[in-house]
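A.B. asks: Supplied in structure tokens, the structure appears directly below.
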Amino acid sequence: MSVGATVGRPRDPEVDERITRAAAEVFGAEGWARFSVDAVARRAGVGKASIYLRWPNKEALLVAVFASRLSGVRDIDTGSLRDDLVALARQVLHAFLDESGGAVLRLMLEAGSIPAGQEHLDRFLQSQATAAQAIVHRGKDRGQLRSDISVTLLLNTISGGALNHALTTPPRSRAKVAAAADRYAEELVDFVLASVTAP
């Protein structure tokens, strides 16, 4: 064997994805107290050895889930206040409603008791605040938004509306609601803007 050659098969990214998706689903459904490598292995259809080959314990596995599936909210400058806010609302809605949305919602409830959970949640929430702040400042500069509008209130209204929409969605309707999330984002933003846009 030549110097520098590796031993064993390389990791399969499809298996990695299957495991982290299963881990997100188990955590979202069961919470940290009942989250286990056994449960993730069963849901992913892999042996526990495949998981331990990649992550040393369930804490490291869950941190990998947060790192790969809680990427945060990006500021998108479309040139339009409404379209910027719709882009923001869509990202928040999809974070809560997509296949890993249950894990994100669960993290909001249990972050303080999960290894590195609070750190990842804080980063996600800060990304929302940063994007909203940039959007509001651009809207004011363009004269599209009243100068007295609070960034915090605007963020709370749009992100809070998105969160409430996800929380009140029954599990059986989740896929249908997720499919309609882009349209709901437009309706939510239009409702909010009716009271805050410059005359």
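The values are calculated or read from the model by the stated rules, or taken from the named source; none is laboratory data. Owing to the predicted nature of the structure, the values given are computational and were not obtained by experimental measurement. Heads up, the Cβs are rebuilt from the backbone with ideal geometry, glycines too, and the neighbour counts pull from every protein chain shown. Accessible surface is based on the protein model in full, side chains and every heavy atom, while ligands, DNA and RNA are left aside. Shrake-Rupley method; radii C 1.70, N 1.55, O 1.52, S 1.80 Å.
A.B. asks: Can you tell me how many residues within the stretch 63-94 are assigned to a helix (DSSP H, G or I), of a type in the set (S, T, N, Q) and closer than 30 Å to LEU153 by Cβ?
C.D. replies: Of the residues in that region, 1 qualify.
A.B. asks: Failed condition for HIS94, given (1) open to solvent by 30 Å² or more (accessible area, probe 1.4 Å); (2) farther than 29 Å from SER173 by Cα; (3) not acidic (Asp, Glu), with all others met?
C.D. replies: Failing condition for HIS94: (2).
A.B. asks: Looking only at residues in the stretch 28-79 that are of a type in the set (Val, Ile, Thr) and closer than 20 Å to GLN128 by Cβ, which one is farthest from the chain's Cα centre (by Cα)? So that I can check it myself, show each step before the final result.
C.D. replies: Let us first name the residues in the stretch 28-79 that are of a type in the set (Val, Ile, Thr), namely 37, 40, 46, 51, 63, 65, 73, 76, 78.
Subsequent filtering for residues that are closer than 20 Å to GLN128 by Cβ retains 65, 73, 76, 78.
On the way: VAL65: 11, VAL73: 8, ILE76: 17, THR78: 22 Å.
Ranking the qualifying residues of the stretch 28-79, first place goes to THR78.
A.B. asks: Please go through the stretch 178-193 and pick out each residue that is of a type in the set (A, V, I, L, M, F, W, C), surrounded by 18 or more Cβ atoms within 10 Å (Cβ to Cβ) and more than 19 Å from GLY139 (Cβ to Cβ).
C.D. replies: Hits for the stretch 178-193 are ALA178, ALA181.
A.B. asks: Further question on the same structure: Of the conditions (1) open to solvent by 30 Å² or more (accessible area, probe 1.4 Å); (2) at positive phi, SER113 clears all except one; give me its number.
C.D. replies: In the conditions (1) open to solvent by 30 Å² or more (accessible area, probe 1.4 Å); (2) at positive phi, SER113 misses (2) alone.
A.B. asks: Counting only residues that are open to solvent by 40 Å² or more (accessible area, probe 1.4 Å) and hydroxyl-bearing (Ser, Thr, Tyr), how many does the stretch 144-177 have?
C.D. replies: So the answer is 5.
A.B. asks: Let me ask another. When you scan the stretch 13-20, do you find a residue that is open to solvent by 30 Å² or more (accessible area, probe 1.4 Å) and under 30 Å from VAL192 (Cβ atoms), even just one?
C.D. replies: No, that holds for no residue.
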